[in-house]
Amino acid sequence: MLETVRWITAEGKVLAGFEEGLALLPGKLRIIDQTKLPKELVYLELDDIDEIVAAIQRLSVRGAPAIGCAAALGLAAAAQHVDADFEAKVEILADQLAASRPTAVNLFWALERCLSHLRRCDKNHLQELLREALAILEEDIQMCQSIGKHGAPLIEEGMGILTHCNAGALATGDFGTALSPMYVAHEAGRKFTVYSDETRPLNQGSRLTAWELHQSGVDVVTICDNMAAQVMKEGKIDLVIVGSDRIAANGDAANKIGTYGVAVLAKHHGIPFYVAAPTSTLDASLAHGGLIPIEIRDAAEVGAAEGVRVYNPAFDVTPSELIAGIITENGLHKPPYNFG
Ligand SMILES: CSC[C@H]1O[C@H](OP(=O)(O)O)[C@H](O)[C@@H]1O
């Protein structure tokens, strides 16, 4: 996957990062601009909090775990430009980041982890914040690798696997969640085909998932979202694995719009439907998925006739009874789910 590189700052401090993914440079957050993929691989180096917030809002950096990591790293980068009233100003920076998108709980989890760590420190606040932000990134990568190990046994030789949106390396610190078991199975030499839903309206599936998997040599077929039923009916799909942006205590899982429809189709066709996510995506404070805040995005993303109204929810919630298992870094959880 992506190669780890390290930057030595002027003060001799080592900052870890990934040359082609999320990284913390001295005073800057470095990301791939995912709005440009797959045509261009463009890196952005952002040192201003408004730029970082805007990058999250326009999905230059996207995917629940990646949003959490980017928020933590972005907070650390922006904090390096704070000259006085450090703790108060960092809280304000964190509030700005928290307002960027409402559904991925990883964003709020990562920011609160950084702030509560700072509140426990009585000195070296900036260094402690840098250290905590880098720990969040490194742990996310390890969690995704573990998800891959726990999920890979589900993938048998010759399977057709459907996925929706992008829950790959681009959506995390590295390796991905839904795609991580596919990478592990591919590395083990198993042959299978991934059917990647285009995922309207922003096409994360055709632009990002297909690109990632193809780059890694995994056999991938792009389909339009409205073809999922037909490929299932034709017997091409043996398994569905998707990511998630927030999972409630009872296992109801929010994910990219269209996921719920895939789950209903999978149920109808007797195909097992799995969700893969790190525990930083679990929200035990919510009893069920009806309490998950769903982001409504700009009408312009859908494209409609002039003057015609548009409804553009970015996520939907799959009820736990449609989910055969939830794969986290701790293992494969079976229903009934109780993450509370
Ligand atoms: C690994 S979680 C990825 C998750 O996030 C995506 O949403 P967005 O592209 O709007 O950030 C989508 O729901 C993916 O499944």
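The values are calculated or read from the model by the stated rules, or taken from the named source; none is laboratory data. Quick caveat, the model's predicted, so the values are computed rather than measured. Methodologically, a virtual Cβ is constructed for each residue, glycine included, from the backbone with ideal geometry; neighbour enumeration extends over all protein chains shown. Heads up: the accessible areas ignore ligands, DNA and RNA and are worked out on the full protein's heavy atoms, side chains in. Shrake-Rupley method; radii C 1.70, N 1.55, O 1.52, S 1.80 Å.
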Practice task
Kindly state, as a whole number, the per residue volume in cubic angstrom of the convex hull around the alpha carbon atoms of the range 42-113.
Solution key: 74
Problem - C-alpha center-to-center spacing [the range 226-255, the range 162-210] in angstrom - result: 13
Problem - Separation in nanometres of the label points that stand 7 Å from Cα toward Cβ, at residue 45 and residue 269 - result: 4.7
Problem - Relative contact order %, the range 125-213, counting alpha carbon pairs below 8 Å whose residues are six or more apart - result: 31
Practice task
Using Cα positions and a limit of under 12 Å, work out the aspartates and glutamates in reach of residue 334, with same-chain residues fewer than 8 apart set aside.
Solution key: 321
Problem - Protein accessible area in the chain, 1.4 Å probe - carbon and sulfur % - result: 51
Handout entry: Within-11-Å neighbourhood charge of residue 258 [Cβ basis; K, R +1; D, E -1]
Key = -2
Exercise for the section: Take the cross-link list 149/191; 191/233; 191/236 and give me the ones stretching past 20 Å between alpha-carbons. Expected result: 191/233
Exercise for the section: Relative to the longest principal axis of the C-alpha atoms of the chain, give the angle of the C-alpha long axis of helix 86-98, reported between 0 and 90° and rounded to the nearest 10°. Expected result: 20
Problem - Average Cα contact separation per residue, the chain, under 8 Å, 6 or more apart, as relative contact order % - result: 15
Fill in the blank from the handout: Long-range amide H partners of residue 25, meaning residues 5 or more apart or on another chain whose placed amide H is closer than 5 Å, are 30
Fill in the blank from the handout: If each K or R counts +1 and each D or E counts -1, the residues other than residue 227 whose Cβ falls under 13 Å of its Cβ total -1
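Consider all pairwise Cα distances in the range 5-144 and report the whole-number % of them above 28 Å.
10
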Exercise for the section: Starting from the Cα of residue 138, step 7 Å along the direction of its Cβ; do the same at residue 123; then give the gap between the two resulting points in nm. Expected result: 2.3
Completion exercise
Ordering 295-305, 310-320, 66-76, 39-49 by per-residue average of other C-beta atoms within 10 angstrom, highest first, gives 66-76, 310-320, 39-49, 295-305
Exercise for the section: Please compute the net charge surrounding residue 159, taking Lys and Arg as +1 and Asp and Glu as -1 over other residues with Cβ under 13 Å from its Cβ. Expected result: -1
Practice task
Could you tell me the distance between the Cα centroids of the range 107-151 and the range 77-93, to the nearest Å?
Solution key: 18
Problem - Rg and Dmax [Cα atoms of the range 145-333; Å; Rg one decimal, Dmax integer] - result: 15.7, 53
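In the calculated pair distance distribution of the range 110-222, what percentage of Cα-Cα distances lie above 17 Å?
Numbers: 3715 of 6328 pairs.
Looking at the range 110-222, the distances longer than 17 Å represent 59 percent of pairs.
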Completion exercise
At R0 = 56 Å the Cβ-Cβ FRET efficiency linking residue 190 and residue 87, nearest 0.05, sits at 0.65
Fill in the blank from the handout: the chain -> Rg/Rh from Cα coords, Kirkwood Rh, value 0.97
Fill in the blank from the handout: For the range 75-143 the translational diffusion coefficient, Stokes-Einstein from a Kirkwood Rh over Cα pairs at 20 °C and viscosity 1.002 mPa s, in µm²/s, is roughly 173
Problem - Probe 1.4 Å, accessible area per residue of the chain, Å² - result: 41
